Amino acid sequence: KFEEAVPCYDKAISLDENHAYAWSNKGLALHRLGKYEEAVPCYDKAISIDENHAYAWSNKGLALNYLRKFEEAVPCYDKAISLDENNAHAWCNKGIALYHLQKFEEAVPCYDKAISLEENYADAWYFKGIALHHLQKHEEAISCFDKAISIDENYGPAWSNKGKLLNYFEKHEEA
């Protein structure tokens with residue numbers, strides 16, 4: 001239904017071009033259609049109308065993550081977090097951007113904050129495990145994968161990475 005939503009937002013914007021939520025939601029609909037390049041200017045317009053629009057900042061960061069523009073994404077998450085420090089997704093997605101920039105030590109506290117806000121946030125547990133693995137903290141990484149799996153038993157990447165680490169430790173029967 002996202003394709004049908006875009007013209008609705010276009011109509012709302014034609015009636016009030018300063019409707020920040022219409023711009024932000026249009027960006028989100030385009031984002032969900034995989035049109036990240038088109039989504040970013042919508043988030044920018046929402047932000048230009050309301051610079052305190054935390055979700056527009058966070059969603060812009062996420063679109064930039066998908067576009068692999070991690071350096072540009074981090075300040076978006078910082079702004080979103082400054083506006084709403086309880087946004088677990090902004091914390092986790094900032095961690096993902098930092099991870100892709102190979103800033104593993106900086107990424108882990110972001111995941112920790114996301115988890116403190118949403119204990120059953122499987123993605124935060126999983127990505128924390130990935131970062132810990134890169135920091136050579138393999139046992140802690142396995143614990144994070146276990147937690148992600150306990151939240152979502154069908155979390156394939158967590159199973160795969162747990163198996164990889166167990167195999168690394170030559171615990172073949174557990175893997």
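The values are calculated or read from the model by the stated rules, or taken from the named source; none is laboratory data. Quantities reported herein were computed from a predicted structural model and do not represent experimental measurements. As a convention, Cβ positions derive from the backbone with ideal geometry for all residues, glycine included, and neighbour counts pool all protein chains shown. Keep in mind that these areas ignore ligands, DNA and RNA; they rest on the heavy atoms of the full protein, side chains included. Shrake-Rupley method; radii C 1.70, N 1.55, O 1.52, S 1.80 Å.
So here's what we get for this one:
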{"item": "Projected label distance in nm at Leu15 and His134, using a 7 Å step from Cα toward the beta-carbon", "result": "4.6"}
{"item": "Accessible surface of the range 6-124 [probe 1.4 Å, protein heavy atoms]: carbon and sulfur percent", "result": "47"}
{"item": "Principal-axis tilt of helix 70-83 within the chain, Cα atoms, nearest 10 degrees", "result": "70"}
{"item": "Rounded tilt (10° steps) of 54-66 against the dominant C-alpha axis of the chain", "result": "60"}
{"item": "Computed Rg/Rh of the range 74-129, alpha carbon atoms with Kirkwood Rh", "result": "0.93"}
{"item": "Unsatisfied cross-links (Cα-Cα over 28 Å) in the set Lys35/Lys137; Lys11/Lys94; Lys113/Lys137", "result": "Lys35/Lys137; Lys11/Lys94"}
{"item": "Unit charges at the beta carbon, dipole of the chain: most positive-side option, Ile115, Pro41, Ser24", "result": "Pro41"}
{"item": "Cα gyration tensor category, rounded, prolate or oblate, for the range 1-78 with a/c compared to 1.5", "result": "oblate"}
{"item": "Å² per residue, accessible surface of the range 36-175 at 1.4 Å", "result": "51"}
{"item": "Between helix 122-134 and the chain: long-axis angle, C-alpha atoms, 0 to 90°, nearest 10", "result": "60"}
{"item": "Ratio Rg/Rh, restricted to the chain and using Cα atoms, in which Rh is the Kirkwood radius", "result": "1.07"}
